[in-house]
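Asker: One structure is given below, represented as structure tokens, and several questions about it will come after.
Readers should treat all values here as calculations from the given coordinates under stated rules, not as data from a laboratory. Quick caveat, the model's predicted, so the values are computed rather than measured. When we count neighbours, we look across all protein chains shown, and the Cβ atoms used for this are built from the backbone with ideal geometry, even at glycine.
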Amino acid sequence: MSYMFAAFVVVWAGIFLYILYWQRQVRDLRGELAALRASESARADSPAAGR
Amino acid sequence: MSPAAELAILETEPLAAANMVVGRRLSKRYGRVAALRQVDIEIAPGERVALLGPNGAGKTTLLRLLSTLARPTAGQLLVQGYDARRQAGAIRGLVSLVGHRPFLYDELTAAENLRFRGRLHGVTDLPIRVGAMLGLVGLAERANQPTGTLSRGQQQRLAIAQALLTDPALLLLDEPDTGLDASGRAVLEQLLDPASGRTIVFSTHDREWAQRVASRTITLRDGRVAGEITTPGARPAPAGTGREHLPARPPRPALVAPIGAIVARELLSEYRRRDTLVSLVVFSLLVLLVFDFAFDVRTADVPLLGPGLLWVTFIFAGVLAFNRSFSQEEDRGTLTGLLLAPVDRAAIYLGKLLVSSISLLLVEAVTTAVFAGFFNPRVQPLPLIGALLLGTLGFAAVGTLFAAMSANTRAREVLLPVLLFPVSVPVLIAAVQATATAFGASASAAHPWLGLIASYDAIFLAVSFAVFDFVLEE
Amino acid sequence: MAASLQERTERAPRDEGRSPGAVMDRLLLQPNGLPKPPSRLWAWITAVLMVASLYMIFIYAPIERTQGIPQKIFYFHVPLAWDAYLAFFFTLVGSIAYLKTGRARWDVLAHSAAEIGVVLTSLVLITGSIWGKTIWGTWWTWDARLTSTLVMWFIYVAYLMLRSAVGENDRGARYAAILGIVGFIDVPIVHMSVTWWRTLHPQPTVLNPAGPTLPGSMLAALMVTLVTMTILFFYLLRERMLIEHLRAEVHALTDRALEQQLSEVDA
């Protein structure tokens, strides 16, 4: 009985942790992306860059 | 514009294809680093083009693209009408490159190095041409001296002789003026003489010298063409179409002859250096000894433990041998020389496979003999020989493929066994079982196991043969 | 990834139509070439199916007579193993297509599938080990299927190690593709050799030539979990591939920023 529960916990926890891991990555990447886009549009707006 | 449309335009422009080099919007990236960005370049036959620019400007990358050592990430490159992506083998037969490091084998003599290159390229009248080239660069008296004992400048001159040996239509020189003494420089200037009619592209940091000897200079910066000057003082290049040498169909890269050349070169190197085989044998005997201490093997245990003990020793020795076969060439820069030759990539694979198998089989023979001397087992020779031959071949088939991959990675010593051991589990199991029947430990027959190894050998030889092209390409 | 970056920055024409690559792009990318956001719909479908399969396993399916409740591990163990094989099959397909076309999206497919496959195989090994403890009384036996699964796990761990050792460039992708092909061909050979060597595992129950020996209700529960796990796999695969596309997007933007700085210096 307890073995069965252990097995299920392992499966759920395993998949859950894996999803959690890449959810974090997605969040970081999206944050990075937003920052890059913002700085790019800032540069495009400033007159100094538009030579 | 779609790639197909781009291709159609190129095909309807015979004039452009008649040039020695036609590059359209060439880009090269190494990972995320852009080394070359959308470079357009055309070079007519007989031109002597100097590439100028600061370090990291893309000079070497451009030369590597022209020599087919690297493939363009984007854009199109034709050398004498051959496409650098699809007909790289044909281009290699027309081009010679003198790189930063001369790709010479230290333990071979100057003449032997040239002969090896000549055999890879299928040069005819080899002895005469070797003598002529050595004379041309002033190394005739050093012909039989090991290359390792030559000075830096002499090695550079030998590298130039090596490049000229194949009578290239296009000669590429990457900073040829570094490390040359006055007489070496004289050889170089003679080479760059416009009267020779040879098309030459070279990189240099010496702007004045370049403007004196080149017919045109191209300045690169940040992977782009920053400036182009047709040198006023230079005589015009002799007219030619560049199509003159072009055969109707691109020649097929050779397969069998280069295998012979590679194997002969490896055996000669091993004969001169005597470092691989001896150290492998000593290593294997030590592993045997260590196992004996670890398991306290008695003669009675040998049928049970012996086969596994022997094969563990062999796969350890095998990993060292495979690693060495590529890492040594990689470290000395000689792999570049093999890659520049117009040979089928499979010839390099098969040559290396043969050499590794031969040396591993020799190590196995010695180790097995010593093992028999230690423990006195009763052995049936036939299953044992079958297991050694087939097992070693299968192990080397995969090992050579993976060694070529791991040779230019970080932590290759660890990576190779990590790649190789799981994939070669079937060989290990079957070879141990077949060897066990030879020791009389197993009642079953050896031939199902030998059949299993033979199928493994056939499958992975075929697969490695098919994918090896992708390993060596850059 | 280098080449997808290339495709993106130069806005190379993406091939329209029904080619497998184009279909994959439509699944992952918006019309403007940017990666799609993660899919809530798929997540919900997966979650609902998960609840359904839990119902099937614990309430619908009867308790097996000899093994008792621990036999229920079977309903997850087998679909996980099936998923893992499916993942490595996708790695094979992606690897072959990458070597043939040189297109980064195939490498992304192979890489993502291999990573998921390693995670799933780890779960298969752990659940199998727990199940083995209950019915054989030992965590591990060197039985054929266990052993070959372990070897398979090692092969694909080596695949991931190879990728990290070469780095994120097209050489790494090519080497990985070679191992993706060699490894997949090797797995059945490993299995055969280990089977010859020794075997202890129960005979196949579903794909038995004489017809399934599993009682109908248990088979139904297994089928439901199998479908659930397959859907879960595709959900994981899509999300994992989106990460690679996001990464490529970040690289492209970083490079553009660098390029702009360079041209400002020039001017």
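Asker: Would you mind getting me the FRET efficiency between C:S129 and B:S455? Use the beta-carbon distance for r and R0 = 35 Å, nearest 0.05. Let's see the in-between values first.
Answerer: Details: r = 31 Å, r/R0 = 0.90.
Result of the calculation: an efficiency of 0.65.
Asker: How big is the antiparallel share of DSSP beta bridges in the protein assembly as shown, given as a percent to the nearest 5? Write down the numbers at each step before the final one.
Answerer: Values: 23 of 41 bridges.
Percentage antiparallel, nearest 5: 55.
Asker: Loop only by DSSP, 15 or fewer other Cβ within 10 Å of the Cβ. Give me the trypsin sites (Lys or Arg not before Pro) in region B:259-346 that pass, ordered by residue number. Before the final figure, lay out the partial values.
Answerer: Numbers: sites: B:R265, B:R272, B:R273, B:R274, B:R298, B:R324, B:R332, B:R345; in loops: B:R274, B:R298.
Hits after loop and neighbour filter: B:R274, B:R298.
Asker: Need the C-alpha centroid separation for region B:321-350 versus region C:123-201, integer Å.
Answerer: For region B:321-350 versus region C:123-201, the Cα centre distance is 31 Å.
Asker: Would you order C:K133, B:K59 from fewest to most other beta-carbon atoms within 10 Å of each residue's own beta-carbon?
Answerer: Ordered from fewest to most neighbouring Cβ atoms within 10 Å, C:K133, B:K59 come out as C:K133, B:K59.
Asker: Determine ³J(HN,Hα), in whole Hz, for all residues of region B:349-359 in sequence, where each value follows from phi through the Karplus function 6.51 cos²θ - 1.76 cosθ + 1.60 and θ = phi - 60°; x replaces Gly and Pro.
Answerer: 4, 5, x, 5, 4, 4, 5, 4, 5, 4, 5
Asker: Give the distance, in whole Å, between the Cα centre of region B:394-424 and the Cα centre of region C:91-121.
Answerer: If you average the Cα positions of each part, the centres end up 20 Å apart.
Asker: Given charges of +1 on the Cβ of Lys and Arg and -1 on the Cβ of Asp and Glu, with all other atoms neutral, how large is the dipole of chain B about its Cα centre, in debye to the nearest 20?
Answerer: Values: 44 positive and 40 negative charges, 128 e Å.
It comes to approximately 620 debye.
Asker: Quick one: length gained pulling B:E141 to B:V123 fully straight, 0.36 nm per residue minus the C-alpha distance? Walk me through the intermediate numbers first.
Answerer: Numbers: separation 18, 0.36 × 18 = 6.48 nm, distance 2.25 nm.
The span from B:E141 to B:V123 would gain 4.2 nm if fully extended.
Asker: While we're looking at this one, here's another question. Provide the FRET efficiency to the nearest 0.05 for the C:V157-B:H447 pair, computing r from the beta carbons and using R0 = 45 Å.
Answerer: Details: r = 34 Å, r/R0 = 0.76.
Using R0 = 45 Å, I get an efficiency of 0.85.
Asker: Once you put a point 7 Å from the Cα of B:D301 and another 7 Å from the Cα of C:T138, both along the Cβ direction, what distance in nm separates them?
Answerer: 2.0 nm
Asker: Collect residues whose amide H, placed 1.01 Å from N in the peptide plane, falls under 5 Å from the amide H of B:Q145; neighbours closer than 5 in sequence don't count.
Answerer: B:A110, B:A111
Asker: Further, regarding this structure: Spelling out what I want: for every residue of region B:65-74, take phi, set θ = phi - 60°, compute 6.51 cos²θ - 1.76 cosθ + 1.60 (Karplus), and round to whole Hz; glycine and proline get x.
Answerer: After applying 6.51 cos²θ - 1.76 cosθ + 1.60, I find 5, 5, 8, 6, 5, 10, 9, x, 6, 8 Hz.
Asker: Take C:I135, B:I259 and order them by how many other Cβ atoms sit within 10 Å, fewest up front.
Answerer: Details: C:I135 15, B:I259 21.
Listing C:I135, B:I259 from fewest to most nearby Cβ atoms yields C:I135, B:I259.
Asker: What FRET efficiency comes out for the pair B:Q38/B:R410, r = Cβ-Cβ distance, R0 = 35 Å, nearest 0.05?
Answerer: 0.65
Asker: Please list, ordered by chain and number, the residues whose modelled amide H lies under 5 Å from the amide H of B:A35; skip anything fewer than 5 residues away on the same chain.
Answerer: It is B:K28, B:R29, B:Y30, by chain and number.
Asker: Now, a different point. What ranking do B:D292, C:D186, C:D25 get, fewest neighbouring Cβ atoms within 10 angstrom at the top? Before the final figure, lay out each step's value.
Answerer: Working: B:D292 16, C:D186 25, C:D25 20.
Going from least to most buried by this count: B:D292, C:D25, C:D186.
Asker: Per-residue HN-Hα couplings for region B:205-217, Karplus 6.51 cos²θ - 1.76 cosθ + 1.60 at θ = phi - 60°, whole Hz, x for Gly and Pro?
Answerer: 9, 8, 4, 5, 4, 4, 5, 6, 9, 8, 8, 7, 10
Asker: Sticking with this one: With label points built 7 Å along Cα→Cβ from the Cα atoms of C:L219 and A:V9, find their separation and express it in nm.
Answerer: Between C:L219 and A:V9, the simple spin-label model gives 3.5 nm.
Asker: With the crude spin-label approximation of a point 7 Å out along Cα→Cβ, what separation in nm comes out for B:V278 versus B:Q380?
Answerer: The modelled label-to-label distance comes out at 3.9 nm.
Asker: Expressed as an acute angle from 0 to 90° and rounded to the nearest 10, what is the orientation of the C-alpha long axis of helix B:447-472 relative to the principal long axis of chain B?
Answerer: Tilt relative to chain B: about 20 degrees.
Asker: Please identify which residues in region B:96-110 have an amide N closer than 13 Å to a label point set 7 Å out from the Cα of B:T178, following the Cα→Cβ vector.
Answerer: B:99-102
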